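Beneath this line is the structure, given in structure tokens, with notes to follow.
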Amino acid sequence: MTQTAPSLVDTYKRRITYLRLSVTDRCDLRCQYCMPERMQFLPRAEVLTLEELNKVANAFIDRGVTKIRLTGGEPLVRRDMIELVRAVGRRIGNGLEELTVTTNGTRLAEFAEDLFAAGVRRVNVSLDTLDPALFEELSRRDRLSQVLEGIAAAKAAGLSVKINTVALKGVNEDEIPDLIAWAHGEGHEATLIEVMPLGEVDGDRIDHYLPLTQVRMNLEKRWTLEGDTHRSGGPARYVRVAETGGRLGFITPLTSNFCDGCNRIRVTATGQLYACLGGREQVDLRAAVRSNDPDAALDAAMDEAMTIKPERHHFAINRKGEAPALPRHMSVTGG
Ligand code: SAM
Ligand code: SF4
């Protein structure tokens, strides 16, 4: 059995094949651009259970989703995370082509082998610096060595690793080339991300906004960046660094628009489906999955989502003192 029901196609004729499913809003780090130190986490009763998350994932696979990324918050801090990975992983080769995880890496050493055994072949690990002091300042926790151990364990377990780095002006800006060189030297892909205006954080985000066009110009002074035709169906655009032989991605929501080919949908840990990371359009899947007829209700909710997916996002960087473009944090929507 693979796809058993009609594909998910939105009003702009984009076929949805990629689900980013957040399994928790909680996290063991407090990255400054992501959440405040005293982040208010959701009451557990509001978060979907393992069975509910699995049901949602399966409903999407039945409607043609072929790729699922489990994210958060920090997915590996959820106690039953590996059970969920195993459950969803059973659909690999049976509708699902790929199951991936985005993690901050702090607990990867513990779980890398289990992830591989459950069918995961690639993980994205967020890492903004290799400097222990800066790591602690940025994430408000002293965990760099654990993250590096986690990345090494992932590689040893046979997982492909992509290093995701948020480019922050005056913070890790000067270190970016060294970070990329390190990642490529270890055999990992690297992707740079522009900081996005999501949720209230302590301090002002515009101070750290660094356009990737500028980063790219700086990199071109040091390296030859060759065109790479690789496309993930997502917002990243890729180059190959001739000198390192590694692939480098750029995710630029603010300096370029990538919505035309958008194939993805996001579901929060409380079952709110967001049709766009940068929009407010949402459908309540928790009500559907907790209803008397969850299968029919989930189908109807997915169909509704297709009618509200906006043509494009409307991010904007704010001037000092203004509320962020969207009140919800990346850790809630799932990065
Ligand atoms: N905790 C996991 C991690 O850090 O990889 C998964 C969730 S995290 C929200 C996913 C990604 O979103 C991370 O790469 C993080 O750096 C990024 N992120 C968080 N807040 C962001 C923001 N405001 N702008 C851009 N990227 C952000
Ligand atoms: Fe946690 Fe990831 Fe947000 Fe950092 S970016 S605070 S690791 S959810």
Kindly indicate whether ALA57 is over 23 Å from SER145 (Cα atoms), under 18 Å from the mean Cα position of the chain (by Cα) and modelled with pLDDT of 95 or more. yes
Residues located in segment 282-321, provided they are closer than 19 Å to ALA269 by Cα, modelled with pLDDT of 95 or more and small (Gly, Ala, Ser): ALA287, ALA288, SER291, ALA297, ALA301
Looking at segment 38-59, can you tell me whether even one residue there is assigned to a strand (DSSP E or B), among the hydrophobic types (A, V, I, L, M, F, W, C) and touching a residue at least 40 places away in the same chain (Cβ under 8 Å)? no
Residues of segment 1-29 satisfying the condition of being within 13 Å of ligand 2 (Cβ to nearest atom) and over 16 Å from the mean Cα position of the chain (by Cα): ASP28
Answer residue from segment 181-221, given it is of a type in the set (A, V, I, L, M, F, W, C), in contact with a Pro (Cβ under 7 Å, 6 or more places away or on another chain) and under 18 Å from PRO36 (Cβ atoms) and is surrounded by the fewest Cβ atoms within 10 Å (Cβ to Cβ) among those: VAL201
Just a yes or no: is a residue in segment 125-140 away from ligand 2 (no atom under 16 Å from the Cβ), more than 17 Å from TYR33 (Cα to Cα) and surrounded by 18 or more Cβ atoms within 10 Å (Cβ to Cβ)? no
Within segment 10-29, work out how many residues are away from ligand 1 (no atom under 11 Å from the Cβ) and surrounded by 15 or more Cβ atoms within 10 Å (Cβ to Cβ). 7
Out of all the residues in segment 88-127, which are without any contact (Cβ under 8 Å) to a residue 40 or more places away in the chain, away from ligand 1 (no atom under 16 Å from the Cβ) and not in a loop (DSSP other than H, G, I, E, B)? VAL88, GLY89, ILE92, LEU96, GLU98, ASP114, ALA117
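The values are calculated or read from the model by the stated rules, or taken from the named source; none is laboratory data. Only a predicted model underlies this, so the values are computations on that prediction, with no experimental measurement involved. Don't worry about glycine lacking a Cβ; one is built from the backbone with ideal geometry, like all the others, and counts go over all protein chains shown.
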